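Below is one structure, written out as C-alpha cells; comments come after it.
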Amino acid sequence: MAERTRPAPGPTTYVLRVLVITYLVLLVIWPVSLVVTNTFANGDEALRSILEDPDLVDALRLTAVAAVVATAINTVFGVTVSLLLVRTVFPGKRILSALLDLPLSVSPIVVGLALVLVYGGRNGWFGPTLEGAGLQVIFSTPGIIMATAFVSLPLVIREVVPVLQELGDEQEQAARSLGASGRQTFWRITLPSIKWAVVYGVVLTMARSLGEFGAVKVVSGNVLGETRTATLAVEEKYLNFDQEGAYAIAFLLASVSVLAIVVVSLLRSREAHR
Amino acid sequence: MSIDITGVSKRYGDFVALEGIDLSLPRGQLTALLGPSGGGKTTLLRIIAGLETPDTGSVVIEGKDATRLPVQKRNVGFVFQHYAAFKHLSVARNVAFGLEIRTHGGLRPPWTPQKRAGRERIQAKVEELLALVHLSQFADRLPSQLSGGQRQRMALARALAIEPTVLLLDEPFGALDAKVRKELRDWLRRLHDEVHVTTVFVTHDQEEALEVADEIVVVNQGRIEQVGTPDELYDDPANDFVMGFLGETTTLGGVVLRPHDIEVDRGPGRAGAQEAVVVRVLRVGFEVRVSAETVAGEQVTVSMTRTHAKALQVEEGATLWLSPAVGAATVPSMPVRLRDGVGA
C-alpha cells in the first residue's frame with residue numbers, strides 16, 4: 001500500500017506488514033527451514049549417506065543432465081521463437097503465442113501422459129517406429145528430458161519477448177545497412193542487447209527443470225540407477241519412512257534453487273548499476 | 001546520375017504509399033525529400049536504402065540495378081531519426097562497426113600481423129571520422145552518455161565510415177530541439193561540402209529543406225508534386241500544394257499567392273485592384289497581419305511591415321484596395337484538386 005502524502009507509516013501499514021510476514025513465515029520460511037534442520041538433525045550424516053549411495057548419486061546426476069540438456073534446448077528454441085514472434089509477421093502468430101503458455105497452465109502429469117500417448121514404446125503413435133530404430137523414449141533418458149523441456153518451455157520466451165519488443169529493430173536495420181549479414185547482426189547486435197533477459201530465462205528454466213516431478217514420474221518408469229531422478233528419489237524415500245534421506249535430497253535440490261535466485265538478484269542489481 | 005528511380009510503386013494493403021515514382025538524382029547532390037507526414041517520403045528513402053522493396057519499378061544506384069539487392073549489399077549509409085545507436089558499444093566501436101564487418105582477416109587469430117594491420121587501419125579511420133564530427137573526446141563513452149545532437153553526429157560518422165555511395169538520412173534532426181536542429185542543419189551543409197557524397201534526406205520542415213538542399217523533391221500522397229532548386233520551388237511552384245507547403249498563402253481574385261506579395265492602397269489607383277474591408281488586424285513583432293474581406297466575399301490575408309501599416313492607417317473597418325505585387329509567384333486556386341497533370 002502506498003503511503004500517500006504522510007511520510008510516517010500509519011497503523012494500517014503495520015498491520016499489513018505483520019500479515020505479509022506471518023503469511024510468508026507459515027507458508028515458506030518455516031517449512032523450508034524445517035527441511036534444513038531435519039537434514040542436519042544428526043550432523044552431516046544424512047547428507048554423507050546420500051552422497052555415498054551410488055544409486056542416489058546416479059539420481060542426482062540424471063536430474064542434472066536432464067535439467068542442463070532441457071535448459072540448453074529451451075534456450076536455443078526460446079530465443080529463436082522470440083525472434084520469430086517479435087520480428088516477423090505470419091498467419092497463426094497469436095495462436096502460437098497462446099500455445100506457448102500451455103505448458104505453464106497444464107498440469108505436468110497431463111504432460112507426462114500425453115508424451116506416453118505419442119512416444120510410448122508399445123501403444124504410442126510414434127513410439128514403436130522410434131523403438132524399431134533403436135531409440136527408446138519413454139522409460140528412458142530422452143523421455144525425461146522431453147518432459148522436463150516441455151514444462152519449462154515458455155520461461156526463456158517470456159523473458160526475452162518483452163525485451164525484444166522494447167528494443168525495436170532499428171539497431172538491427174542499422175547493422176544491416178552497415179553491411180552485417182543476418183548472422184553477424186544477431187551475434188553482434190541482437191544477442192548483446194537481450195543477454196540479461198536470456199540469462200534470467202536460463203536461470204528460471206534451470207530451477208524449474210531441477211524440481212520437475214509430475215511429468216517425469218509418468219515417463220520415467222523409476223528404474224533404480226537408470227531413470228530415477230532426484231525428485232522421484234525424494235518421494236520414494238519419504239514413502240519408505242526414510243524421512244531423513246528425503247529431507248537431505250530435498251535440501252540439495254532446494255539449495256540449488258536458492259543459489260539460482262541469489263544469482264538472479266545479484267545480476268539484476270548489477271544491471272541496475274549500469 | 002547517382003540514383004535512378006523508375007516507376008516505383010508501393011502499397012501496404014489498401015494504402016497506396018507510393019505510386020509511379022520516377023526520379024533521378026545526380027552524383028554529389030544534397031537532395032531533400034519534402035512533404036507532409038504519411039506522404040510517402042520515408043517509404044521512398046527506405047526503398048532507395050533497400051530496407052523496403054518496391055511492388056513495381058526499379059532502383060539503380062551508380063548504374064547498377066539495386067532493386068533486388070538487400071540493404072547490406074547496397075553500400076548505403078543510413079541515418080535514423082532516433083539514431084539507432086548500438087547501446088552496448090562505445091562511440092568508437094559504433095563508428096568502427098561497418099569497418100569491422102568489412103575487414104576480412106579470415107579466421108586468423110587476433111595477434112597475427114594481418115589482423116593487427118586491419119585493426120590499426122580501422123582505428124585510424126575511426127579517429128579521423130570522430131574528428132570530422134567533433135566527437136574525438138567522447139570516443140570511449142557509451143551512447144547513453146551523449147546528448148541527442150551528439151548521438152546523431154555519431155550515427156552520421158558511423159554511416160560515413162563505410163564510404164557509402166549514397167548517404168540517406170530519415171528526418172535526421174526531427175527528434176532534436178529547435179536550437180540544436182538549426183546548428184546541425186548548418187553543420188550538415190558544411191559537411192556535405194567537404195565530403196561530397198550523394199545525399200538524400202527526408203524532412204517535413206520546409207525551412208530545413210530550403211536552407212540546406214541543392215534540390216528539393218516535394219512528395220505528397222504517394223506522388224512527386226515538383227522537383228526543383230529551392231529558388232525554383234519558391235518562385236515558380238507547380239501548383240497550390242507546393243506553394244502552400246513552402247510557406248503561407250492566401251487567395252486574391254482567384255489566384256493563390258503569398259500574403260506579403262499583396263500591394264495595399266487606400267484608393268483604386270492600380271489596375272485590377274480589389275476593394276476590401278479590414279476585418280481584423282494582428283500585430284506580431286515587426287509584422288502586421290491584416291484579414292480583409294473583398295466585395296466579392298473572398299477572405300484575404302495580407303502581411304506588411306508595421307511602418308507600412310501605420311502609414312496607410314490600416315485599422316478594422318477601413319477600406320483597402322488590394323492587388324498582387326508585380327512579379328509575385330501565383331498559381332490558380334483550385335478548390336477541387338485535379339490529380340491528372342500534376343507532377344514532376
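Listing for the model above:
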{"item": "Residues losing 50 Å² or more accessible surface upon assembly, the range B:69-85, compared with the chain by itself, 1.4 Å", "result": "B:Gln72, B:Phe80"}
{"item": "Positive dipole terminus of the range A:44-272, leading residue within A:Leu56, A:Ile145, A:Phe241 (C-beta point charges)", "result": "A:Ile145"}
{"item": "Candidates per trypsin sites (Lys or Arg not before Pro) in the range A:4-64, loop by DSSP, up to 10 other Cβ within 10 Å", "result": "A:Arg4"}
{"item": "C-alpha center-to-center spacing [the range B:231-273, the range A:116-158] in angstrom", "result": "80 Å"}
{"item": "Per-pair calculated FRET efficiency, R0 = 22 Å: B:Val180 and B:Lys87 via Cβ, rounded to 0.05", "result": "0.60"}
{"item": "Student exercise, the range B:46-188 dipole from Lys, Arg, Asp, Glu Cβ charges, in Debye to nearest 20", "result": "460 debye"}
{"item": "10 Å Cβ neighbours from other chains, averaged over peptide B:159-166", "result": "1"}
{"item": "B:Arg153 accessible area, assembled protein chains, probe 1.4 Å, Å²", "result": "50 Å²"}
{"item": "Within straight-line cross-link reach of B:Lys125, lysines at Cα separation under 19 Å, skipping those fewer than 8 residues along the same chain", "result": "B:Lys115"}
{"item": "Principal axes of the range A:44-272: Cα extent on each, largest first, Å", "result": "65, 46, 29"}
{"item": "For the pair B and A, total buried accessible area rounded to nearest 100 Å², probe 1.4 Å", "result": "1700 Å²"}
{"item": "Per-residue mean of C-beta atoms belonging to partner chains within 10 Å, peptide A:178-191", "result": "5"}
{"item": "Whole-percent carbon and sulfur share, accessible surface of the protein assembly as shown, 1.4 Å", "result": "59 percent"}
{"item": "Rg to Rh, two decimals, where the protein assembly as shown supplies the alpha carbon set and Rh follows Kirkwood", "result": "1.15"}
{"item": "Relative packing of peptides A:223-233, B:156-166 - highest average C-beta neighbours within 10 Å first", "result": "B:156-166, A:223-233"}
{"item": "Sequence-distant residues sharing a close amide H with B:Val256 (under 5 Å, placed H)", "result": "B:Val331, B:Ser333"}
{"item": "Heavy atoms of B:Ser303: accessible area, 1.4 Å probe, square angstrom to 10", "result": "20 Å²"}
{"item": "Student exercise, the protein assembly as shown dipole from Lys, Arg, Asp, Glu Cβ charges, in Debye to nearest 20", "result": "1340 debye"}
{"item": "Farthest toward positive dipole pole in chain B [+1 Lys/Arg, -1 Asp/Glu at C-beta], among B:Val255, B:Val302, B:Phe241", "result": "B:Phe241"}
{"item": "Cleavage-rule hits, chymotrypsin sites (Phe, Trp or Tyr not before Pro), the range B:63-152, DSSP coil, Cβ neighbours within 10 Å at most 10", "result": "B:Trp111"}
{"item": "Gaussian network model of chain A, springs between alpha carbon atoms under 10 Å - residue of A:Ile138, A:Ile249, A:Ile50 with greatest fluctuation", "result": "A:Ile50"}
{"item": "Where the range B:1-238 is the region considered: accessible area per residue in Å², 1.4 Å probe", "result": "44 Å²"}
{"item": "Rounded Å value of the spacing that divides the Cα centres of the range A:197-214 and the range A:216-255", "result": "19 Å"}
{"item": "Two-site FRET efficiency, A:Val28 against A:Ala64, from Cβ-Cβ distance with R₀ of 41 Å, rounded to 0.05", "result": "0.95"}
{"item": "Options B:Pro26, A:Thr39, A:Ser97, ranked by Cα towards positive dipole end of the protein assembly as shown, top entry (Cβ charges)", "result": "A:Thr39"}
{"item": "Under 12 Å from the Cα of A:Lys195 - aspartates and glutamates, other chains or at least 8 residues apart", "result": "A:Glu159, A:Glu271"}
{"item": "Area of B:Leu282 that stays accessible when all protein chains are in place (1.4 Å probe, Å², to 10)", "result": "70 Å²"}
{"item": "Those aspartates and glutamates that a straight Cα-Cα span of less than 18 Å connects to A:Lys217, excepting residues fewer than 8 apart in one chain", "result": "A:Asp55, A:Asp58, A:Glu226, A:Glu235, A:Glu236"}
{"item": "Mean accessible surface per residue for the range A:74-156, computed with a 1.4 Å probe while every protein chain stays in place, in Å²", "result": "55 Å²"}
{"item": "1.4 Å probe accessible area per residue over the range B:249-330, in Å²", "result": "53 Å²"}
{"item": "Square roots of 5 times each gyration tensor eigenvalue, C-alpha, the range B:77-233, largest first, Å", "result": "33, 17, 13"}
{"item": "Length-normalised contact order for chain A - Cα pairs under 8 Å, 6+ apart - percent", "result": "27 percent"}
{"item": "Share of alpha-carbon pairs per 20 Å distance bin for chain B, given as whole %", "result": "26, 45, 23, 5, 0"}
{"item": "Rel. contact order, % - alpha carbon contacts under 8 angstrom, at least six apart, chain B", "result": "18 percent"}
{"item": "Alpha-carbon gyration tensor eigenvalues x 5, square-rooted, for the range A:26-100, Å", "result": "43, 19, 8"}
{"item": "Structure-based [θ]222 nm, chain A - -39500 (n - 2.57) summed over DSSP H runs of at least 4, per residue, nearest 500", "result": "-23000 deg cm²/dmol"}
{"item": "The range B:137-241, relative contact order [Cα under 8 Å, separation at least 6], %", "result": "19 percent"}
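The values are calculated or read from the model by the stated rules, or taken from the named source; none is laboratory data. Model, not experiment: these values are computed from the prediction. When we count neighbours, we look across all protein chains shown, and the Cβ atoms used for this are built from the backbone with ideal geometry, even at glycine. Side chains included, ligands, DNA and RNA excluded: accessible areas come from the protein's heavy atoms. Shrake-Rupley method; radii C 1.70, N 1.55, O 1.52, S 1.80 Å.
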